[in-house]
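Working notes, structure below.
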Amino acid sequence: DEWPEAEKAEKLARGAALKWASGVFYCPEKLEGLGQYRSRETQRNSSIQSRLKSTVQSYLEGVSAGLEQLRSAAQEMQSVCQDLGAARWALLDSADRFQGLQQMRALMAEHVQLASVVQVLPQLFSVHEVLSHTLQLLRGQHLLEAHAKLMMMEHLRDDILCQLHLRGLSGAQATVLSYFGGLQELNESLAKQLWDIVGSSLRLVREDPVLFVTAVRIIEREEKIDDTLLLEATFLPPGRPKGWRQKFYHVLQETITGAHFHATRMDTQGPGLARHLAALQKDVVSELRVVKDLMVQCVPAHYNILSICTATYHQALSSHLQDILREDLDKQALFLLLEWALRVYCSPKMMGHPDLLPEVDVSALGPLMSPELVDQTERKYVVKVQASVVEWMQRTLEVEFKEWFREEEPETDHQGFFQSALPVIVIQMLNENIQVASLITNSLQQKVYKMALEELEAFLGRLREALVQCGKEHQKDRTIPKYYVSYLLAMLNNNLALSSSVSSLHPNTDCREVPTSLQAALDRTQKKACQLLLEELLLDLQPLCLQLPSRKWLSGSQLVSSMCEVIDKYAKDFSRVRKPVCTLLLTESELLVASQYLGALMQKKMVCKSKEERGQLCDRLLQDATQLRELFCGLGLDRSQQSLEAVFALRELIGLKDLALLSLEVLGFITKYPDASDEHISTLLDLRGDVSKEVRHTVLEMMAQHPQVLPENYRPIFSTILVPAPELPLCLRKGKCA
């Protein structure tokens, strides 16, 4: 019961033995080695028993030794308790004597304080004398000696104040501060001299660097004292931390900005601003060179004096440019600012100067003008340039308008084409502004280019208005202007020159497309000039066309010959215009002649009274159409481009002898000329003089059954011809008309 492990072990051993025995009895050949096994097991049991005895013996010996040590310790503890009891009674007996020792300790502390005061007394007595001497040193600019004495006085004062602070004697601190009151005046005097030196640092490092180095050494002394006091953090004397290093940076920055950027008033116009920017460029480079070559050697490396000065100049220049841009600047001043900020500033002429590289690097400071400010300034510049362009173009147009009324023809080029200086002046002015803008940025060039196209389009509109005004003056008196047609032809050549030159304005040489709106404006200007020329031609043709048709004309008058003379005269004038406008004018003139000729026939002035008269009319139509066609062919207009073919078709319609075929003839006519209306056909039938109401009704009914659609490239001719309204029946009395 006391050793369950032993029982378990015995069971395991018996089980193992039975297992082994069963294995032996199952294999009879193993029975021969049974004796050997018995002897081997006997030896092993003996070995195990001996080891067990040895282990138990050593365990019992250890227990015996432990018990012995416990008995010895108990005896010693009893002895210690007796000694402690005796000491307790001895201490109780000596308590009165300890009170005397406490009083002695207090007297000792007072003695130490008195000794320290005695040691400080000579220094305290000499405070005012030292302050006076220090002030004399400052006046003599012996700054290092003066600062050493000042530090000594401050150290003495601060030690006294610290002792008073630790002992809780705050009331006595005011007395000490009053006693050392002269220190504050000395501090202020020293600081003033230091900041005056720092303010003149750029001059001193070239003339007398010793004084500047002295100021930096004093500032560094004060910084170390500040750092030490801030680390201890037990007591912070009055006036600490002084922060003189930060004050050094502040004074230096104020000196830089005040010397160049605090002018109350400056000339912001072109020449004055150019001089101001040039002076800034020269001064900034010169002063940064002094900082890099001289001042850097006079200050500790951790001051980063070159980087700080560079950043100061950069920020001051950025603010200065913003102040200038708040003024109302002209275009020259705006251009100067953009060029200076975006081109000159980072170039080798200024911040990229070889004497400043590689130490000076403004790329990390950001742009001198923000992208938003650049865009705003560019827009201001474009507005100013636009106003100048508008004014210039208006003056050019006024001069051009006056030239139209001169008593001499316009100038010609080497090929004899009429022209004027207008397109050269306009394109050159616009191109110069675009090229000037390209010296700044691509965005400014694009803005000016866009503005130039807009103003050119507006100029073309004003040019058309001037042409209309000139045309009105000419209608009042056709002798004014004397060379009206010639100047209209010159304007057509000018318009061609503008059209061919517009693509050269584009900043991208690979993109030469003319904007749609501008091309439309050019087309409208050309159309207006052509219209005025054709109106002039019409004025000369109308008196001749009014004589058509008539009996005199049928009998063989020289009417068409006179028309040919007028046309030939204008064709010679048209030859002073470059192609394709010359061809366009001939084409439009031929269409005008054809429409006027046909229109005159449809005015119901004459009706053929007989078959012979119709034949005579057909012969006259053939002669006239042939003469006119040959004239235009001789002028270079192909027969396929002429509208006079309608006169030949009309002759076939009038000369038709079999009225039964009239419907088919009319159908062929309207198929070829789909813009011919019922009124046109009805008028032509009236001209024949032999068409009955029934035949007319049949023809018109056939036309209604075969409506025509205008082909895509068809040139209308009949749609421009007005037919007189039919006469109303005469009413003899009120009521129903007969």
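Test S72 against the stated conditions and say whether it is assigned by the TED database to the domain that holds L183 and either modelled with pLDDT of 75 or more or closer than 30 Å to G182 by Cβ (or both).
Working: assigned by the TED database to the domain that holds L183: no; either modelled with pLDDT of 75 or more or closer than 30 Å to G182 by Cβ (or both): yes.
When the stated conditions are applied, S72 does not pass them.
What are the pairs with Cβ atoms under 7 angstrom where one residue, in the range 337-353, is under 14 Å from H320 (Cβ atoms) and the other, located anywhere, is aliphatic (A, V, I, L, M) and part of a loop (DSSP other than H, G, I, E, B)? Sequence gap at least six, or different chains.
Qualifying pairs under 7 Å: A341/L368; A341/M369; Y345/M351; Y345/L368.
Do any residues in the range 137-149 that are open to solvent by 50 Å² or more (accessible area, probe 1.4 Å) have Cβ atoms under 8 Å from those of residues that are at pLDDT below 80 and assigned to a helix (DSSP H, G or I), where the two are at least six apart or on different chains, and which pairs are they?
Short answer, once both residue conditions are applied: E145/L137; K149/V130; K149/H133; K149/T134; K149/L137.
Taking the condition open to solvent by 10 Å² or more (accessible area, probe 1.4 Å), among the hydroxyl-bearing types (S, T, Y) and not assigned by the TED database to the domain that holds K450, does S562 pass?
On the way: open to solvent by 10 Å² or more (accessible area, probe 1.4 Å): yes; among the hydroxyl-bearing types (S, T, Y): yes; not assigned by the TED database to the domain that holds K450: yes.
Taking the combined requirement at face value, the residue satisfies it.
So the check is Cβ under 9 Å with 6+ separation or different chains; which pairs have a first residue in the range 251-267 that's outside the structural domain of G199 (by the TED database) and a second one that's of a type in the set (S, T, Y) and at pLDDT below 70?
If the second residue must be of a type in the set (S, T, Y) and at pLDDT below 70, no pairs are left.
So the check is Cβ under 8 Å with 6+ separation or different chains; which pairs have a first residue in the range 659-673 that's in contact (Cβ under 8 Å) with a residue 12 or more places away in the chain and open to solvent by 40 Å² or more (accessible area, probe 1.4 Å) and a second one that's among the small types (G, A, S) and assigned to a helix (DSSP H, G or I)?
So the pair list comes out as K672/A649.
Among L288, L321, which is the only one that is in contact (Cβ under 8 Å) with a residue 40 or more places away in the chain and under 21 Å from the mean Cα position of the chain (by Cα)? Break it down stepwise before answering.
Details: L288 fails: under 21 Å from the mean Cα position of the chain (by Cα).
The conditions single out L321.
Could you say whether any residue in the range 476-496 is buried (at least 17 other Cβ atoms within 10 Å of the Cβ), in contact (Cβ under 8 Å) with a residue 24 or more places away in the chain and not in a helix (DSSP H, G or I)? Please lay out each step first, then the result.
Just the residues of the range 476-496 that are buried (at least 17 other Cβ atoms within 10 Å of the Cβ), to begin with: 481, 483-496.
Those still in the list that are in contact (Cβ under 8 Å) with a residue 24 or more places away in the chain too: 481, 483-496.
Adding the requirement that they be not in a helix (DSSP H, G or I) leaves 481, 483.
Yes, the conditions are met somewhere in the range 476-496.
Of all residues in the range 533-555, how many are in contact (Cβ under 8 Å) with a residue 12 or more places away in the chain and open to solvent by 20 Å² or more (accessible area, probe 1.4 Å)?
Result for the range 533-555: 11.
So, in the range 262-279, how many residues would count as being crowded, with 17+ Cβ neighbours inside 10 Å and either closer than 20 Å to S307 by Cβ or at pLDDT below 80 (or both)? Lay out the reasoning, then the answer.
Keep residues of the range 262-279 that are crowded, with 17+ Cβ neighbours inside 10 Å, which gives 268, 273, 276-277.
Still in the running and either closer than 20 Å to S307 by Cβ or at pLDDT below 80 (or both): 268.
Within the range 262-279, residues that are crowded, with 17+ Cβ neighbours inside 10 Å and either closer than 20 Å to S307 by Cβ or at pLDDT below 80 (or both) number 1.
Could you list all residues from the range 690-712 that are within 24 Å of L644 (Cβ to Cβ) and more than 60 Å from the chain's Cα centre (by Cα)?
Answer for the range 690-712, where residues must be within 24 Å of L644 (Cβ to Cβ) and more than 60 Å from the chain's Cα centre (by Cα): just M703.
State the number of residues belonging to the range 153-205 that are modelled with pLDDT under 80, in contact with an Asp or Glu (Cβ under 9 Å, 6 or more places away or on another chain) and among the polar types (S, T, N, Q).
Residues in the range 153-205 being modelled with pLDDT under 80, in contact with an Asp or Glu (Cβ under 9 Å, 6 or more places away or on another chain) and among the polar types (S, T, N, Q): 0 in total.
Per-residue answers, yes or no, for (1) touching a helix residue (DSSP H, G or I) at 6+ places or on another chain (Cβ under 7 Å); (2) open to solvent by 80 Å² or more (accessible area, probe 1.4 Å):
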{"position": "H320", "(1), (2)": "no, no"}
{"position": "S347", "(1), (2)": "no, no"}
{"position": "A364", "(1), (2)": "no, yes"}
{"position": "P371", "(1), (2)": "no, yes"}
{"position": "V389", "(1), (2)": "yes, no"}
{"position": "R395", "(1), (2)": "no, yes"}
{"position": "F405", "(1), (2)": "no, no"}
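If I filter the range 332-386 down to residues being at negative phi and of a type in the set (G, A, S), which single residue comes out as nearest to the chain's Cα centre (by Cα)?
Restricting attention to the range 332-386, the residues satisfying the condition of being at negative phi are 332-365, 367-386.
Restricting the remaining residues to those that are of a type in the set (G, A, S) gives 333, 341, 347, 352, 363-364, 370.
Numbers: A333: 21, A341: 15, S347: 21, G352: 24, S363: 18, A364: 20, S370: 9 Å.
Here the residue is S370.
Which count do you get for residues in the range 415-447 that are surrounded by 17 or more Cβ atoms within 10 Å (Cβ to Cβ) and within 22 Å of K579 (Cβ to Cβ)?
Qualifying residue count for the region: 7.
Name the single residue that is farthest from I717 (Cα to Cα) among those in the range 598-649 being small (G, A, S) and in a helix (DSSP H, G or I).
G615
The values are calculated or read from the model by the stated rules, or taken from the named source; none is laboratory data. Owing to the predicted nature of the structure, the values given are computational and were not obtained by experimental measurement. Positions of Cβ are backbone-derived with ideal geometry, glycine not excepted, and every protein chain shown enters the neighbour counts. Accessible surface is based on the protein model in full, side chains and every heavy atom, while ligands, DNA and RNA are left aside. Shrake-Rupley method; radii C 1.70, N 1.55, O 1.52, S 1.80 Å.
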